[in-house]
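The values are calculated or read from the model by the stated rules, or taken from the named source; none is laboratory data. Just so it is clear, the structure is predicted and the values come from calculations on it, not from any experiment. Cβ placement follows ideal geometry from the backbone for every residue including glycine, while neighbour counts extend to all protein chains displayed.
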Amino acid sequence: MHTPDPWNLGYLPDFPIRPRLGIGVVGAGFIVCDCHLVAYADAGYRVVGLTSRTRALAHSVAELRGIAKVYDTVEQMLDDPDVDVVDVAVPPAAQPDVIHAILAHPRKVRGILAQKPLAMTYSAARSIVEACEAAGVVLQVNQNMRYDHSVRALKTLINRGVLGDPVLATIEMRAIPHWMSWAEGGRSLATYIMSIHHLDTFRYWLGDPARVLASTRPDPRTPFPHEDGINLYILEYANNARAAAWDDVWNGPAREGAASDLGIRWRFEGTHGMAHGTIGWPAWPQRKPSTIDYTTCDDSGSWHRPRWAEAWFPDAFAGTMGGLLKALETNTPPDVPGRDNLKTIALCEAVLVGAREHRVVTLDASL
């Protein structure tokens, strides 16, 4: 269950008061089995049942995680009056069809938690958002890095002005992801699957940039053809703040005989202070909490080093579902709504276009 926040850094989500709405889950892959369902159980959410393309897998996951019902189809799940919200956890190419099928069902659910990326193109993502709005169904997007505890703690410091005006934010990723089989043959690899985390985090911290510069190259280790493997990009803001990331999925020949140096580090510099931290995700399946250290001009050269037991995988996944449940409980917008997430999709598109065409891309402020 929830631990207190002794540092008053807001690193934990604002959980619903009475999380009794029934959750139906579409999908039974590792992210559902090892993250969603574990986090939901810890948070006290009520998962009614799940369905998957492979019934045997759905049964095994339901048995492992103590889920009472397994449905043969999405339609059968939607017929169950106990299902109030749907957690859609399928590959991004399949997600639009699943969501449109949910919206077309005669019995309407109250909310949908969609995975990121919402879709693999801006137009497909916008179609989902508009369809949910037309149906009156609340859409939350599972941009779960916003619920990494160090990311949230920094957001609190930024909001309070503790570090002054933003000057420079950076994320340096040196990690080797396990590309799922569905990633092969897609129009984007790293940008829509990996960099989307960091692009959305920069939006969470700093807002929407005005311009994007990007460079990308294939990853030497990934065997299937792809355009965007290693991603480098700079975001320029109208207030002169800058953000930059090095998304290095190669990390040297660490699996080919050389030593390994895995990790994700971030840094934020303001006019009155600075902070840096680590993201624990690359240690998965080891449970490794992320960290934050920060100092200000008022601290006489000393550092604040808060620490906690929670880790991004799996604990952050209670936050995105909790945001949806809280929105429905209070009749307020969710904290990662579909309409806002279109700006993250647009930022992914800007990285792809900027890298491919070797030019600066200006973001449309009207999106």
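Quick one: is Asp208 of a type in the set (D, E, K, R), modelled with pLDDT of 95 or more, under 19 Å from Ala350 (Cβ atoms) and assigned by TED's automatic domain parsing to the domain that holds Glu349? For Asp208, the condition - of a type in the set (D, E, K, R), modelled with pLDDT of 95 or more, under 19 Å from Ala350 (Cβ atoms) and assigned by TED's automatic domain parsing to the domain that holds Glu349 - is met.
Report yes if Asp42 is modelled with pLDDT of 95 or more, in contact with a His (Cβ under 8 Å, 6 or more places away or on another chain), charged (D, E, K, R) and closer than 22 Å to Tyr147 by Cα, otherwise no. Judged against the criteria, Asp42 is not a match.
Within the range 207-234, restricting attention to residues that are among the aliphatic types (A, V, I, L, M) and in contact (Cβ under 8 Å) with a residue 40 or more places away in the chain, the residue that is farthest from Asn341 (Cα to Cα) is Ile230. Checked against (1) under 22 Å from the mean Cα position of the chain (by Cα); (2) closer than 26 Å to Ala134 by Cα; (3) touching a residue at least 12 places away in the same chain (Cβ under 8 Å), Asp82 meets all criteria but (1). Confirm whether Arg211 is among the basic types (Lys, Arg) and over 13 Å from the mean Cα position of the chain (by Cα). For Arg211, the condition - among the basic types (Lys, Arg) and over 13 Å from the mean Cα position of the chain (by Cα) - is met. Annotation: of all residues in the range 131-145 being in a helix (DSSP H, G or I) and touching a His at 6+ places or on another chain (Cβ under 9 Å), the one that is surrounded by the most Cβ atoms within 10 Å (Cβ to Cβ) is Asn144. Report yes if Ile67 is over 22 Å from Leu328 (Cα atoms), among the aliphatic types (A, V, I, L, M) and outside any helix (DSSP H, G or I), otherwise no. So Ile67 fits the description; yes. In this structure, Ala153 does not qualify as at pLDDT 95 or above and either over 18 Å from the mean Cα position of the chain (by Cα) or part of a loop (DSSP other than H, G, I, E, B) (or both).
Of everything in the range 15-55 that is in contact with an Asp or Glu (Cβ under 8 Å, 6 or more places away or on another chain) and among the charged types (D, E, K, R), the residue that is nearest to Ile112 (Cα to Cα) is Arg18. Residues that are of a type outside the set (D, E, K, R) and over 23 Å from Ala283 (Cβ atoms) were ranked within the range 170-188; the one that is modelled with the highest pLDDT is Ser188.
Screening Arg265, Arg242 for residues that are in contact with a Leu (Cβ under 6 Å, 6 or more places away or on another chain), under 23 Å from Ala169 (Cβ atoms) and touching a residue at least 12 places away in the same chain (Cβ under 8 Å) leaves exactly one candidate, Arg242. Taking each residue of the range 326-349 that is over 19 Å from Leu213 (Cα atoms) and looking for partners that are in a loop (DSSP other than H, G, I, E, B) and acidic (Asp, Glu) with beta-carbon atoms closer than 9 Å, six or more apart or interchain, yields Lys326/Asp14; Lys326/Asp335; Ala327/Asp335; Leu328/Asp84; Asp335/Asp14. Once the range 13-39 is narrowed to residues that are at pLDDT below 95 and crowded, with 20+ Cβ neighbours inside 10 Å, the residue that is nearest to Pro177 (Cα to Cα) is Pro13.
Considering only residues in the range 242-258 that are over 19 Å from Asp219 (Cβ atoms) and touching a Ser or Thr at 6+ places or on another chain (Cβ under 8 Å), the one that is surrounded by the fewest Cβ atoms within 10 Å (Cβ to Cβ) turns out to be Ala244.
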